[in-house]
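Below is one structure, written out as structure tokens; the observations come after it.
Quick note: the coordinates plus some simple rules give every number you see, no bench work behind them. Small disclaimer: the values here were computed from a predicted structure and weren't measured. Cβ atoms come from the backbone with ideal geometry, glycine included; neighbour counts cover every protein chain shown.
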Amino acid sequence: MAAKTVNVAELAEKLVGINSEIPASGEPQRDVEKGVAEFVEEYLEGIGISAEIIEIEKGRYDLIARVGPSSRLMLNGHMDTVPIGDPAQWPNGVFPRIQDGKLYGRGSSDMKGGLAAMLAALSRIDFTKANKGILMVFVADEEGFFKGSEWLFANRNDIFNDVKCGIIAESSSMRIQAAQKGLIGIQVTFEGRSAHASTPEKGDSAILKAFKFISAMNSFNESRSTIDSLLGKGSLNIGEIRGGRSQNTVPDSCMVSVDIRTVPGETSDAIIKEIKKAMEAYDIKDTDVREMKINYAREPFKLNDDSCALQLLKRIAGTAGLVGGTGYTESELYHSKAGVDCVVFGPGIKELIHQPNEYVNISDLEKASEIFEKAIREWCFGEEDNPEKLFH
Ligand SMILES: [Zn+2]
């Protein structure tokens, strides 16, 4: 298909204008990604690429498309956004608008700007003589439970057979993100025995056990020595404590929840073992614990330096600089479940995601789109047509 001129800012504005907010908690299910998927399908058709929309469950949609021959580079992003939240916190309204070189609107940074940059790049390329191809994977539910990607791993794993690496256009503030932390959520409920506060010796305080647990968590955290060159050290947050009934009652129950961020070299299994050891060291017995739940456990991820996507982006975006991400992206899932190593690179501004008045810089949309175009050209045609790197 012949090259076409697409204005990336206008394209991003259109995508932002199609609502794909995930329902806020308590809200009924509804179509989330459908409008975006249909728009992208039509857009791709217009540039000669046929796409497939898949309803992975009621109201939730993935889109996949392939162009060019086998041995593909994956271009990946999610179509859902978090809810707008309180409209009063959007001083100029919640509808997308371009102003002062910025595109405002929910999803502009996270991550319809990234999708637009990829789509605009594709419009400028004629794939008829390509030696290698592209797999596009735009998914549902990244802001929730990764169901869009998980569905593909479970039901369409074949699409990844000829794919070794990819780019996720998630907000990275135009830096090359090559690593990210893992996360573990642990919730422990301690068992006690209630008694009147005037005779505490007749009871057994669950809050005092929780207090020992918090001390054990802090000492475990201080003992962690793994340091990653991009991510630094892991972290720990005691996020919730709930327990007790009244001032004059010995508490019979107390729940503590902890979020732990891990770095490469730390695995969830090993961390959980260390936590159990720390609990033993603080004299917390099995019978003190009513329930210990692991709410989530996702491993940290770091690309090998020779990973093809990382090499590609480094050649093209030159000195954009390698960074590690504190947040979790699906790159870890694609690595572990589909064998695809993804670099995260996108125009979205990390600090603005999920915030009111979210925006993306138009200049970054344009630059990202140029970088994606060069990456696609180099991958598909082996063109090293970028002697001057964009970040000099
Ligand atoms: Zn995102």
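So what's the projected area for the stretch 1-123, the Cα convex hull averaged over all directions, in nm²?
Projected over every direction and averaged, the Cα hull of the stretch 1-123 covers 8.6 nm².
Arrange the peptides 5-11, 86-92 so that the one whose residues have, on average, the most other Cβ atoms within 10 Å appears first.
Numbers: 5-11: 17.1, 86-92: 10.3.
Packing order, densest peptide first, comes out as 5-11, 86-92.
Here are some pairs, K181/K276; K164/K374; K209/K233; K293/K350; K212/K276; which of them have Cα atoms lying more than 24 Å apart in this structure?
Those over the limit are K209/K233; K293/K350.
Along each principal axis of its Cα atoms, how long is the stretch 182-298 end to end? Whole angstroms, biggest number first, please.
54, 22, 18
For the stretch 1-155, what is the relative contact order in percent, using Cα pairs closer than 8 Å and at least 6 residues apart in sequence?
Relative contact order of the stretch 1-155: 34 percent.
Quick one: S20, S225, fewest Cβ neighbours within 10 Å first, how do they rank? Mind dumping the intermediate values first?
Working: S20 24, S225 8.
Least crowded to most crowded, the residues run S225, S20.
Cα centroid distance between the stretch 117-178 and the stretch 303-374, in Å?
12
Using only the alpha-carbon atoms, how far is helix 8-17 inclined from the longest principal axis of the chain? Give it as 0 to 90 degrees, nearest 10.
Once rounded, one gets 50 degrees.
How big is the antiparallel share of DSSP beta bridges in the chain, given as a percent to the nearest 5?
Counting only bridges with both partners in the chain, antiparallel ones make up about 70 percent.
In vacuum, with every alpha carbon of the chain counted as one equal point scatterer, what does the Debye formula give for log10 I(q)/I(0) at q = 0.11 Å⁻¹? Two decimals, please.
Evaluating at q = 0.11 Å⁻¹ gives log10 I(q)/I(0) of -0.82.
Helix 34-46 sits at what angle to the longest principal axis of the chain, using alpha carbons and giving 0 to 90 degrees rounded to 10?
20
Under a point-charge model restricted to the Cβ atoms of Lys and Arg (+1) and Asp and Glu (-1), what is the dipole moment magnitude of the stretch 182-298 relative to its Cα centre, in debye to the nearest 20? Display every interim value, and only then the final one.
Details: 16 positive and 16 negative charges, 30 e Å.
Dipole size: approximately 140 debye.
As I understand it, the value is the acute angle between the Cα axis of helix 362-381 and the longest principal axis of the Cα atoms of the chain; what does it come to in degrees, rounded to 10?
Long axis of 362-381 versus the principal axis of the chain: about 70 degrees.
Just order 31-44, 293-306 by mean Cβ neighbour count inside 10 Å, highest at the front, would you?
31-44, 293-306
Which shape class applies to the stretch 280-321: rounded if a/c is under 1.5, otherwise prolate when a/b exceeds b/c and oblate if not, where a ≥ b ≥ c are the square roots of the Cα gyration tensor eigenvalues?
The shape class here is prolate.
Give me D for the stretch 318-377 in µm² s⁻¹, whole number, from Stokes-Einstein with Rh from the Kirkwood sum over alpha-carbon pairs, 10 °C and 1.306 mPa s.
117
Is the shape of the stretch 1-66 best called rounded, prolate or oblate, per the rule: a/c under 1.5 gives rounded, else a/b larger than b/c gives prolate, else oblate, with a ≥ b ≥ c the square roots of the Cα gyration tensor eigenvalues?
Verdict is oblate for the stretch 1-66.
Mind ordering 73-83, 124-134 by average Cβ neighbours within 10 Å, highest first?
Numbers: 73-83: 24.5, 124-134: 16.4.
So the peptides 73-83, 124-134, ranked by packing, come out 73-83, 124-134.
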